[in-house]
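See below for the structure under consideration.
Nothing in this text is a laboratory measurement; each read-out follows from the coordinates by a stated rule. The shown structure was predicted, so the numbers you read here are calculated from the model rather than taken from an experiment. Backbone-built Cβ (ideal geometry, glycine too); neighbour counts: all protein chains shown.
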Amino acid sequence: MRLKDKVAIVTGGAKGIGQTIAQLYSKEGAKVIAADMMELSYTDANVEYFNLNVTDSAKCKELFDYAVEKYGRIDILVNNAGITKDALTRKMTDEDWLKVIDVNLNGIFYLTKHVGPYMQAQGTGSIINMSSVVGEQGNIGQVNYSATKAAQSGLTKTWAREFAMKGSKVRVNSIAPGYIMTDILKTVPQELLDKFAGTTLLGELGEPEDIANAALFLASDESRYITAQTLNVNGGMRL
């Protein structure tokens, strides 16, 4: 019960990595608000659904107000919601460029601008941003996605400084997954999956549980002296 009596918000919590994080947090004793545009595909006594489009600043404020009013505190925020719209730069539309920036970057800011200062006043808290290996290494056809994930590094380090001011113990970190077997990868032909696995030192793809375990560690007191860091969970991936 490493998160006993903690209150957590997980964006993109309806399925995939977000679902796995929300359910693991619940198992470890937390009350979890899983915020997503899609309704939950699972039931959990300690996980409640909140309909949220992270690009809607007013709705993000509404979620923040709801969490504070109902639970009286927010201990953990996982900024997990994100999208991809891949294309080579010469083929990428302005719409696809802006949409990915809106969800992956603005969406993190709109919620954290409320939760971060609240945690600072509270004196404690853990914020976890979901980055990506392509934010550090880049990837062909993902200029919009890689730009937002690289920008998250700056957000993480800046917020770690800001929200720890005046003696507050708020910690802000990022997780950078590699190839993880979510529903999207399950549609990829096996020969490509084998190729992806071959780019890792461990020779295999990751599972959502691998990311959730990292998110549990960063949310718990076990990581009390870790902040402003990016935890790479990619099996030793080489691009």
For this session: For Ser174, list long-range residues whose amide hydrogen, built 1.01 Å from N in the peptide plane, is under 5 Å from its own amide hydrogen.
Result: Asn129, Gln229, Thr230, Leu231
Exercise. With a 10 Å Cβ neighbour count serving as the proxy for reagent exposure, in which order, fewest first, do Val10, Val100 appear?
Worked result: Val100, Val10
For this session: Quick one: order Asp56, Asp5 by neighbouring beta-carbon count within 10 Å, fewest to most.
Result: Asp5, Asp56
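Calculate how many DSSP beta bridges within the chain are antiparallel, expressed in % of all such bridges and rounded to the nearest 5.
Of all bridge pairs located within the chain, approximately 5 percent are antiparallel.
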For this session: In whole Hz, with x marking every Gly and Pro, tabulate ³J(HN,Hα) for segment 162-170 from phi via Karplus 6.51 cos²θ - 1.76 cosθ + 1.60, θ = phi - 60°.
Result: 4, 7, 9, 5, 6, x, 5, 9, 6
Exercise. How about Lys186: which lysines have a C-alpha closer than 27 Å to its C-alpha, ignoring those fewer than 8 places off in the same chain?
Worked result: Lys15, Lys27, Lys85, Lys91, Lys99, Lys149, Lys195
For this session: Report the equivalent ellipsoid semi-axes for segment 7-231 in whole Å, largest first, defined as the square roots of five times the eigenvalues of the gyration tensor built from alpha carbon atoms.
Result: 27, 19, 18
Seminar exercise, completed: For segment 40-119, the charge dipole (Cβ of Lys, Arg +1; Cβ of Asp, Glu -1; about the Cα centre) points to a positive end, and the Cα of Ala45, Met92, Ala58 closest to that extreme belongs to Met92
For this session: Would you compute, from DSSP H runs of 4+ residues alone, the mean residue ellipticity of the chain at 222 nm, taking -39500 (n - 2.57) per run and dividing by the full residue count, rounded to the nearest 500?
Result: -12500 deg cm²/dmol
For this session: Taking the Cα centre of segment 1-43 as origin, sum charge times position over the Cβ atoms of Lys and Arg (+1) and Asp and Glu (-1), and report the length of that vector in debye to the nearest 20.
Result: 200 debye
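So how strong a dipole does segment 7-231 carry about its Cα centre when Lys and Arg Cβ are +1 and Asp and Glu Cβ are -1, to the nearest 20 debye? Write out the running numbers ahead of the final one.
Details: 21 positive and 26 negative charges, 153 e Å.
Computed about the Cα centre, the dipole is about 740 debye.
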For this session: Once every Cα of segment 1-97 carries one equal point scatterer and solvent is ignored, give the base-10 log of I(q)/I(0) from the Debye formula at q = 0.15, 0.19, 0.25 Å⁻¹, two decimals.
Result: -0.59, -0.85, -1.29
For this session: Report, by chain and number, residues whose modeled amide H sits under 5 Å from the one on Phe50, excluding near sequence neighbours (fewer than 5 apart, same chain).
Result: Ala34, Ala35, Asp36
For this session: Take the Cβ-Cβ distance between Glu209 and Asn46 as r, set R0 to 25 Å, and report the resulting FRET efficiency rounded to the nearest 0.05.
Result: 0.90
Exercise. Nearest 10 degrees, 0 to 90: what angle lies between the long axis of helix 57-71 and the longest principal axis of the chain (Cα atoms)?
Worked result: 50 degrees
Problem set entry | Compactness of segment 196-239, expressed as Rg and Dmax over alpha-carbon positions, Å | 12.3, 35
Seminar exercise, completed: Rounded to the nearest whole number, the Stokes-Einstein translational diffusion coefficient of segment 78-139 at 10 °C and 1.306 mPa s (Kirkwood radius, C-alpha pairs) in µm²/s is 118 µm²/s
Problem set entry | Residue exposure sequence - Ile175, Ile184 - by fewest surrounding Cβ within 10 Å | Ile184, Ile175
